[in-house]
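Here is the structure we will look at, set down as structure tokens.
Rule-based calculations on the coordinates, nothing more; no lab input. Keep in mind that this is a model prediction, so the values were computed, not measured. Positions of Cβ are backbone-derived with ideal geometry, glycine not excepted, and every protein chain shown enters the neighbour counts.
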Amino acid sequence: MRGTADRSAERRVHEATLGFPEQRRGGALGAAERISDAGQRPLSGHLVVATFPRDRERLERTGAVIDEALRLYPPAYAIYREPVTETTLGGYAVPADATVMLPAYQIHHDERWWDAPDEFRPERWLGSSDDRPEYAYFPFGGGPRHCIGMRFARMELQLALATILQRIRFERVTETLEPDAKVTLDPGTVLVRTETRE
């Protein structure tokens, strides 16, 4: 299958991941602070930028916050593919050059794969074996055409969030988000109050 790519989705992943879930149980930043090592003690023994690989392995919980944010609000909320030859998917005939939509947002909120799918629960990513189908979670697409920057983006998000939380506390101001399905899922205006850590 050929994929239609959108490079702006890669640029927007940071904004959506850190911005969207502020409406959920104190928000992603609040949850990250509650469950990650970053808000508890300095990384690498001092207040500096988190580095890879030295600090990344200690940031499993911060990674869980990022995974949950991407599950709830995947920046690429729908992915489109075109079969190069006629094929059958789930018993349905799909002609060559038809457009097939993979609705990441809907699949990431499907009760068949997720308990309480509309709740922000980073804990679901910690210490449990994943018995879901491979594509129950695909914020970066999947297969041979998944986002080439996926691993770098995840690493960068994890280290950036940990580094930020060492220096700043966040308090949610925006109470309700109204996501807008544009080229990517746009959180709209997200206001937070910040306080520098001592």
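Things to note:
- Projected label distance in nm at VAL173 and VAL100, using a 7 Å step from Cα toward the beta-carbon: 4.6
- Label positions at LEU126 and LEU89, each projected 7 Å from the Cα along the C-beta direction, are separated by 3.6 nm.
- Stokes-Einstein D for region 63-121, Kirkwood Rh over Cα pairs, 4 °C, 1.567 mPa s (µm²/s): 98
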